[in-house]
Amino acid sequence: MYAIQIARNGGPEVLSVREVPHPTPGVGEVLIRTVASSLNPVDWKTRAGEVGPQLPATLGWDLAGVVTASNHSRYRPGDQVIAVSAQIATSRGTWAEQVSLPARLLTAAPTTLALEDAGALPLAGVTALQALSRAAVTDGDHVLITGAAGAVGGIAVQLARHTGATVDALVSRPEHLDAARELGAKDVRPHPGRPTSPHLHGRTGHRRHRHRPRPRARGTVHLHR
């Protein structure tokens, strides 16, 4: 099979398509035929050498595909799944024709999206969920989300609205105003400056906390109770 790998760090020129051995699922693992993946900031940071496993390495964190073999009772061949590979920890990238991953990193693919679209959900979705979970957003809260038209921010808007919170939003440019409103944000305005790093601010009583959800991705969540 083929995979996109890097043997050294650098720019896009270090990416290459290589023929690699077919993976064999271990105990508790699931083998997936890749239908779609995506590109996240952590991928180019790995390519550039800022983070990442030992080389050579297959890149990619996101995956949407079809189970072809399973050593876990929850999944059977033919199941459609999405997964986040935790590539730095597992050294298993998703830019490959087939990927074997621990079952704990998988979940059923959404039935309302094509796999080609669902391939962009896992890492951004996990990051948004982590941010909102750490802020303990609940029904009745008022939340401000920046980067609300981006991958992490857009999912955070929808998740926060799903909990019953009121969501206001900042976007990086005027043409993103309508997109954020369509996702469920109430008061949407252009951001006076683009955020350079992800962070989350939460306020509970008189104590103020600063959290950094990981893995890193663009987007900010502010919670005020």
(message) Given 37 °C and 0.692 mPa s, compute D for region 26-159 with the Stokes-Einstein relation, Rh being the Kirkwood radius over Cα pairs; round to the nearest whole µm²/s.
(response) 210 µm²/s
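Accessible area per residue for the chain in Å², computed with a 1.4 Å probe and the full protein assembly in place, what is it?
Heavy-atom accessible area per residue stands at 52 Å².
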(message) Principal axis extents for the chain, Cα atoms only, whole Å, descending order, please.
(response) 54, 40, 35
(request) Could I have the simple spin-label model distance between residue 1 and residue 178, label points 7 Å from Cα toward Cβ, reported in nm to one decimal? (result) 4.1 nm
(message) Among 128, 103, 169, which one shows the highest mean-square fluctuation when the chain is modelled as a Gaussian network with alpha-carbon springs under 10 Å?
(response) 103
(message) Order 134, 18, 74 by their accessible area, 1.4 angstrom probe, all chains in place, largest first.
(response) 74, 134, 18
(request) Would you mind counting up the charge near residue 190? Only other residues with Cβ under 10 Å from its Cβ, with Lys and Arg at +1 and Asp and Glu at -1. (result) +1
(message) If amide hydrogens are placed 1.01 Å from N in the peptide plane, which non-local residues have theirs closer than 5 Å to the one on residue 70?
(response) 31
(message) If each residue of separation counts as 0.36 nm, what is the full-extension length gain between residue 158 and residue 71 once their alpha-carbon separation is subtracted?
(response) 27.9 nm
(request) Can you grab the distance from the C-alpha centre of region 85-123 to the C-alpha centre of region 126-175, Å, no decimals? (result) 23 Å
(request) Name the longest site-free stretch of the chain, where the excluded sites are GluC sites (Glu not before Pro) in a DSSP loop with no more than 15 other beta-carbon atoms within 10 Å. (result) 98-225
(request) Determine ³J(HN,Hα), in whole Hz, for all residues of region 98-109 in sequence, where each value follows from phi through the Karplus function 6.51 cos²θ - 1.76 cosθ + 1.60 and θ = phi - 60°; x replaces Gly and Pro. (result) 9, 9, 9, 9, x, 4, 5, 8, 10, 8, 5, 5
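The values are calculated or read from the model by the stated rules, or taken from the named source; none is laboratory data. Just so it is clear, the structure is predicted and the values come from calculations on it, not from any experiment. Ideal geometry is used to build each Cβ from the backbone, glycine not excepted, and the neighbour counts take in all protein chains shown. Accessible surface areas use protein heavy atoms only, side chains included; no ligands, DNA or RNA. Shrake-Rupley method; radii C 1.70, N 1.55, O 1.52, S 1.80 Å.
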